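Shown next, in structure tokens, is the structure this report addresses.
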Amino acid sequence: MNVFRLLGDMSHLLAILILLLKMWKTRSCAGISGKTQILFALVFTTRYLDLFSSFISIYNTTMKLFFIASSYFTIFLMYSKFKATYDSNHDSFRMEFLVVPVGGLAFLVNHEFLPLEILWTFSIYLESVAILPQLFMVSKTGEAETITSHYLFALGSYRLLYIFNWVYRYYFDGFFDLIAVVAGCVQTILYCDFFYLYITKVLKGKKLSLPA
């Protein structure tokens, strides 16, 4: 644990709380991609299977359980409780275009050809592109609510902070995981255009819009 990882975890936690608070207060999931939330649930489920085989710390276990539970709770809200407000017409990104190639890559490029290791690798690869349906939806609708923009910014900040975490661990712990670093960099790059628009528009009180 170091300050960058802790801040990254807090940013990730904040992103989820912002999303859940937005839906619960407005009683709506308008502007949120259900497909991105399904992909995140798949990410957490396949990554944290080690909950049944190893224990690192109370903090680690608590965070893993929260991420899994919150992802499925978000899906429940979107597809059940607030289903009437879900915009399926604009949430049209084909998830299989992400899941299938990522699954194949996880089989081909991993640290060890073992079930848990392949699933962990799959989760790392999938997380790097899981935000694409959400960004596609924002681009398709032409704009995003301010609260949705805050959610996306906190989510992007989490991944950026984790890159600093990997740099820190490399220099001070001699630890380097090429798969996690490359996937994290890909994910951060996907947010770059959004970061620029967030800083130049949302922070100035304007509504964020992405080019179609």
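Here, each number is a calculation from the coordinates, and none is a lab measurement. Computed from a predicted structure; not experimentally measured. Here Cβ is always computed from backbone atoms with ideal geometry, including for glycine, and neighbour counts include all displayed protein chains.
Summary table
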item	result
Sites matching GluC sites (Glu not before Pro) across region 67-148 that sit in DSSP coil, with at most 16 neighbouring C-beta atoms within 10 Å	112, 143
Descending principal axes extents, region 156-205, alpha-carbon based, whole Å	43, 18, 11
Coordinate range along principal axes, alpha carbons of the chain, Å, largest first	44, 34, 33
Chymotrypsin sites (Phe, Trp or Tyr not before Pro) restricted to region 13-112 and DSSP loop, no more than 11 other C-beta within 10 Å	55
Hull volume in cubic angstrom per residue (convex hull over the Cα atoms of region 1-110)	130
